[in-house]
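A.B. asks: First, the structure itself, so that you have it in front of you.
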Amino acid sequence: MSLKNQTNLQNGDKFYETERLILRPMAAEDAEFILTLYNSPKFIKYIGDRYIRTVADAENYIERRFLPQFEKLGFGNYLILTKEGNQKIGGVGIFERDGLDVMDIGFSLLEEFEGKGYAYEAALKIKSVGMNDFGLKKLSAITTKDNASSQKLIEKLGLKFQKFVTIPGDPEELMYYETE
């Protein structure tokens, strides 16, 4: 293992800040929040049903899906917290996804926090972390054809539409974006 990878593994507990937000790695203690977020109507419509029905399901999902990527790559899914009020409002991260060759940036917010610029602020910070701290040369993003707000945010982040793709386990054709 190279020294760079050893350094990256230590970043799994690293917090990041923006003007209004704190981003910290998702942890088992966030299970109730994940249960709420991942069962919100917009999450299910635009991202998909993850079949998380209980707090125990959410804890298991965090332990199976989020924590191994932090251990392997040093980055993953971050909880978005407001500095004012310390509210859990969403998630943002860079993900290794089956069917995609380029690391994927993704984001989701509770509906009551949409339209305030939080998703862009968090995603811009995570994009910077991925490229500057972890040396990623490119990032991708995927979204459904009917999710206009995500398409706008992805384009605002500087990713350009490339093609339509399908990923393993999901028959829906998705819009695929990539940094240049």
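A.B. asks: Go through 128, 44, 92 and say which Cα lies farthest out towards the positive end of the charge dipole of the chain; charges sit on Cβ, +1 for Lys and Arg, -1 for Asp and Glu.
C.D. replies: Highest projection toward the positive end goes to 128.
A.B. asks: Please state, to two decimals, what the Cα-based radius of gyration of segment 84-132 comes to when divided by 2.2 N^0.38 Å (N = residues).
C.D. replies: Values: Rg = 12.2 Å, N = 49, 2.2 N^0.38 = 9.7 Å.
In units of the globular-protein estimate, segment 84-132 measures up at 1.27.
A.B. asks: If I compute Rg/Rh (Cα atoms, Kirkwood Rh) from the structure I just sent, which labelled value in (1) 1.06; (2) 0.93; (3) 0.97 lines up?
C.D. replies: (2)
A.B. asks: Could you look at the chain and say what percent of its accessible area is carbon and sulfur, using a 1.4 Å probe and all protein chains?
C.D. replies: Details: 4610 of 9570 Å².
Carbon plus sulfur share of accessible area: 48 percent.
A.B. asks: Over the chain, with the other protein chains present, what is the accessible area per residue in square angstrom, probe 1.4 angstrom? Could the numbers behind the result be given before it?
C.D. replies: Details: 9570 Å² over 180 residues.
Here the per-residue accessible area is 53 Å².
A.B. asks: What does segment 114-161 give for Rg and for Dmax, in Å, if only its C-alpha atoms count?
C.D. replies: Cα radius of gyration and Dmax of segment 114-161 are 11.2, 33 Å respectively.
The values are calculated or read from the model by the stated rules, or taken from the named source; none is laboratory data. Keep in mind that what you see is a predicted model, and the values were worked out from it rather than measured. In this analysis, Cβ positions are derived from the backbone assuming ideal geometry, glycine residues included, and neighbour counts consider all displayed protein chains. Accessible surface areas use protein heavy atoms only, side chains included; no ligands, DNA or RNA. Shrake-Rupley method; radii C 1.70, N 1.55, O 1.52, S 1.80 Å.
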